[in-house]
Structures are given as structure tokens and as C-alpha cells.
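Just below is one structure, and these are the notes that go with it.
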Amino acid sequence: MAVYTLPELPYDYSALAPVINPEIVELHHDKHHAAYVNGANDTLEQLAEARDKESWGSINGLEKNLAFHLSGHILHSIYWHNMTGDGGGEPLEKDGVGELAGAITESFGSFAGFKAQLSKAAATTQGSGWGVLAYEPLSGRLIVEQVYDHQGNVGQGSTPILVFDAWEHAFYLQYKNQKVDFIEAMWQVVNWQDVAKRYAAAKERGDSLLLVP
């Protein structure tokens, strides 16, 4: 039985238009995200077979594949909920997300500074990657991470709460090679209510999982 399953979209394929057209949403979710789910499940089966046979010649490749596919599944699962056709702007206290807004200002100096850093991080990934806003539990602050593929440049223990997918499959059919234009457009569909919920949950968990004395 599969360990991981493809989550349903929280909206229909056209909900993010015109920022992301329906064809991209359908292909991205039904094909690319599904491939990461299948890849993670397949790799778990291969690891189980390796244990049964005590055959460890491919362990490095299998562990790398598991990290790649599982991280792809997790990041995409966050990505879909981070967006809404009614989103955009910036988090404001009057919208019930004042705690998140305050944390952004405290961590980055201003919303404008945060927006510029996350945009640059996402747009300048070399090849495939992500720009990520994450809660870093040791400092209790928000940080921006630049993720290569699905794994690199990540502080261990940090929790992603807002992710910008900068892989070509996320935008190429609509934006061609203009990754910067896509990243700028993404700010029009950010679901700050979802980001605020993720921030609150990450902050409540704190550093308890890191076993810091």
C-alpha cells in the first residue's frame, strides 16, 4: 500500500488565472507532483527490498532519490495551499494576520525588504529550485532559503511556510524563459491566511524537536 498519496487541489484548475493558467496548474499537479509521490513510494519499496536482501550497493542513490521525491511532494503540498485567487497584497493586522506581519517586519526590517529577498532568492536559483520563507526555531525568526532542486541550502529544523516554485514546469508554458516575471506575478496570489496558520503552527512547536538543552 502506498505510503504517500497525491493531495487534491484546494481549488479548480482555473482558480489562479490569469497569474497561472489552467493548463499549467493541471500539468503541474496531475503530472509533476504525482511523479514525486510515485517516486517516493517506489523508492520506499526499493529500500525495503534492499533490507530484505541485505543488498546495499545502491543505498546512496536510493537515499538521495527518497529525499528528492519526498521533499518535492512536501514542497508542492505546501505550494498549492499557499496560493488563492483571492490573495495577494501583503499581510495586514486588519485581515487577521498581524502576528505574521509583525514577524516579517522584525525578521527582515520591512515587508518590502522581505519581498525583495524572497523574489531574488527564487528568481536566481541556478536551474531548478525554490524560494522559501521558513520559520527557524533556534532564533525564533523567519528566514529566506534558496532551495536547489528540492533539498539544498536548507537550515536543518527550519519549517517552510511560504514557497515559490521556480522550476521551469511551474511557469514555462505561460511565461517562457521570463522567470523573474513569473515570480513577480506570484505575489498576486499569495494566500496570507494559509501562511499565517503555518507560521503559528511552526512557532507553537518551537525548537522542541531539535532537542536543544
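List of remarks:
- If only residues of region 8-32 that are open to solvent by 60 Å² or more (accessible area, probe 1.4 Å) and part of a loop (DSSP other than H, G, I, E, B) are counted, the one that is nearest to I74 (Cα to Cα) is E8.
- Conditions (1) modelled with pLDDT of 95 or more; (2) within 28 Å of G98 (Cα to Cα): number failed by G140: (1)
- Residue that is nearest to M83 (Cα to Cα), among those in region 11-54 that are touching a strand residue (DSSP E or B) at 6+ places or on another chain (Cβ under 9 Å) and not aromatic (F, W, Y): L16
- Screening A35, A2 for residues that are of a type outside the set (D, E, K, R), at pLDDT below 95 and on the phi < 0 side of the Ramachandran plot leaves exactly one candidate, A2.
- Subset of region 103-156 that is under 21 Å from H73 (Cα atoms) and among the polar types (S, T, N, Q) - its residue that is most open to solvent (accessible area, probe 1.4 Å): Q156
The values are calculated or read from the model by the stated rules, or taken from the named source; none is laboratory data. Since this is a predicted model, take the numbers as computed values, not measurements. Positions of Cβ are backbone-derived with ideal geometry, glycine not excepted, and every protein chain shown enters the neighbour counts. Just so you know, the surface numbers come from the protein's heavy atoms only, side chains and all, with ligands and any DNA or RNA stripped out. Shrake-Rupley method; radii C 1.70, N 1.55, O 1.52, S 1.80 Å.
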